[in-house]
Each structure stands twice: as C-alpha cells, then as structure tokens.
Amino acid sequence: METIHKIGRRKTAVARVYVSEGKGNITVNQRDLADYFSTATLQYKVKQPFSLTGSEDIYDVNVNVYGGGITGQAEAIRLALSRVMCEVDAENRTVLKPEGLLTRDPRMVERKKFGQKKARKKFQFSKR
C-alpha cells in the first residue's frame, strides 16, 4: 500500500492527512498526537474512524493541520481519516456513514457587513 493523501475541513481548519501501513503512530504537525491534542476527547475524535472500522495499529498517519481552533482541527482530521478508510475498503463506508463521519460540517462564521456592528447585530436605532 502506498501513501494515501486526503483533505478534511471544519470551520476554518484544514487538515492534510497522509496514511501508510505501519504500527499505528499518529503525528500531527511533527508532534505526537498526545502532545498536540491534550484532552482525551479530542484524541478520541481523531482515532474514531480507526476504532469504528477495527483498524487500530495498522496504519501510520502524518497530519499537517492549520487554521481554526483545536476542536475544529480534530474534527477536520477525523473527516480526512474517514475518507481514507473509505478509499482503503469500500465496506467501511457502511460503518462510517451512519455515524456522520463522512459529512462535512458546512457551518462557518458569517462575515461582518458594513454599516452594522457585527454580522447580524445593528447599531442602536434612534427615532428622534
């Protein structure tokens, strides 16, 4: 198996994932997964595609991620890894799709409009 490259996005976070056969090492921005994502919840989110498909400790993962916050980055990595697992075996799609791991979350911050205080909030209106 050669290296598989996929991209995942969430809010403004973009994750580029390179997966190859190995021992299960996950590297994020040249740092270990536990160093980059300190909480167990974020580590679980990143490993979720592997645990659902039963393929832990089979693949080495190298991730370049930028933009957004740590939660958005973790979910961007999760989407990219889910896409990789579908490319490895088409049967994995039936496991990942009902869990919602193949759906790109389209919600992003709405831009601020001119003549307003924020995206939707207006300046105070004075009738007189």
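The values are calculated or read from the model by the stated rules, or taken from the named source; none is laboratory data. None of the values given here were measured: they were computed from a predicted structure. Methodologically, a virtual Cβ is constructed for each residue, glycine included, from the backbone with ideal geometry; neighbour enumeration extends over all protein chains shown.
Give all pairs with beta carbons closer than 6 Å in which a residue from the range 39-68 that is in contact (Cβ under 8 Å) with a residue 24 or more places away in the chain meets a residue that is of a type in the set (Ser, Thr, Tyr) and not in a helix (DSSP H, G or I); count only pairs at least 6 apart in sequence or on separate chains.
From residues that are in contact (Cβ under 8 Å) with a residue 24 or more places away in the chain, the pairs are 60/20; 62/18; 62/27; 67/12; 68/12.
Residue by residue through the range 39-54, note down the ones that are among the β-branched types (Val, Ile, Thr) and either surrounded by fewer than 19 Cβ atoms within 10 Å (Cβ to Cβ) or over 19 Å from residue 93 (Cβ atoms) (or both).
39, 41, 46
Which condition breaks for residue 4 when tested against (1) touching a residue at least 60 places away in the same chain (Cβ under 8 Å); (2) over 14 Å from the mean Cα position of the chain (by Cα); (3) over 24 Å from residue 97 (Cβ atoms)?
The failed condition is (3).
In the range 6-41, what residues are of a type in the set (Gly, Ala, Ser) and farther than 28 Å from residue 110 by Cβ?
20, 22, 24, 34, 38, 40
Just give me the residues in the range 93-128 being of a type in the set (Asp, Glu) and surrounded by 11 or more Cβ atoms within 10 Å (Cβ to Cβ), in sequence order.
Listed by number, the residues that qualify are 99, 105.
Would you call residue 120 outside any helix (DSSP H, G or I), basic (Lys, Arg) and modelled with pLDDT of 95 or more?
yes
For residue 104, work out the one condition from (1) out of contact with any Ser or Thr (no Cβ under 8 Å at 6 or more places or on another chain); (2) more than 23 Å from residue 25 (Cα to Cα); (3) without any contact (Cβ under 8 Å) to a residue 60 or more places away in the chain it doesn't fulfil.
(3)
Let's see how each residue does on (1) farther than 18 Å from residue 12 by Cα; (2) touching a Gly at 6+ places or on another chain (Cβ under 8 Å); (3) among the hydroxyl-bearing types (Ser, Thr, Tyr):
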position: 62; (1), (2), (3): yes, no, no
position: 69; (1), (2), (3): no, no, no
position: 85; (1), (2), (3): yes, no, no
position: 89; (1), (2), (3): yes, no, no
position: 103; (1), (2), (3): no, no, yes
position: 106; (1), (2), (3): no, no, no
position: 109; (1), (2), (3): no, no, no
position: 116; (1), (2), (3): yes, no, no
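Identify, from the list 110, 56, 75, the residue that is in contact with a Lys or Arg (Cβ under 9 Å, 6 or more places away or on another chain), charged (D, E, K, R) and assigned to a helix (DSSP H, G or I).
75
Which one is surrounded by the most Cβ atoms within 10 Å (Cβ to Cβ), of the residues in the range 9-38 that are out of contact with any Asp or Glu (no Cβ under 8 Å at 6 or more places or on another chain), in contact (Cβ under 8 Å) with a residue 60 or more places away in the chain and more than 18 Å from residue 86 (Cα to Cα)?
The qualifying residue surrounded by the most Cβ atoms within 10 Å (Cβ to Cβ) is 14.
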